[in-house]
Amino acid sequence: MTQYTPYNPQDMSLQPQALTPDYRSSRLRSPSHKLLSLGPGAGELTGPTFGHDLIGPNDNNLIINYAAPGQAAIGEQIMVHGHLLDENARPVSNALLEFWQANAGGRYRHKKDDYLSPLDPNFGGLHIFTLAASAWDGRSV
């Protein structure tokens, strides 16, 4: 069973002041009224839930996860990695991360992307990592 941790709102004392009078852009863009604090909604408290059966063995490898057998995505191959931390810099484990990325030509695999670059038939542009610990890694173009 998944254990949910309570939502921690941002500590605004750690954020820079919105109004810095010596910085002209700040005078024009900073709020003129006190900020409102809203409690967390259902999306912040529960979030989407996905089953582990939706994750394939190659979902952290965009080079081959959508490719035909023996094929690979077009483009320079890179490795990406990182750590998932909460707002208090604590590791978050057993989470799913979803990344959407354009192909090497700059086009997303989405029906509303009409950029003139062709789609790469071997590049899906979406991958999901499952995390047993806070560290994650993957390969892409």
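Rounded to whole numbers, the Karplus 3J(HN,Hα) couplings from phi for region 13-25 are 5, 8, 8, x, 5, 5, 9, 10, x, 6, 9, 4, 4 Hz, using 6.51 cos²θ - 1.76 cosθ + 1.60 with θ = phi - 60°, and x at Gly and Pro. Placing a pseudo-label 7 Å from each Cα along the Cα-to-Cβ vector at residue 90 and residue 37 gives an inter-label distance of 2.0 nm.
Between residue 76 and residue 17, full extension at 0.36 nm per residue minus the direct alpha carbon distance yields a gain of 17.1 nm. Extension gain for residue 58 to residue 30 (0.36 nm times residue separation, less C-alpha to C-alpha distance): 5.6 nm.
Since every read-out is calculated from the coordinates, none of them should be taken as a lab result. None of the values given here were measured: they were computed from a predicted structure. So basically every Cβ, Gly included, is an ideal-geometry build from the backbone, and we count neighbours across all protein chains shown.
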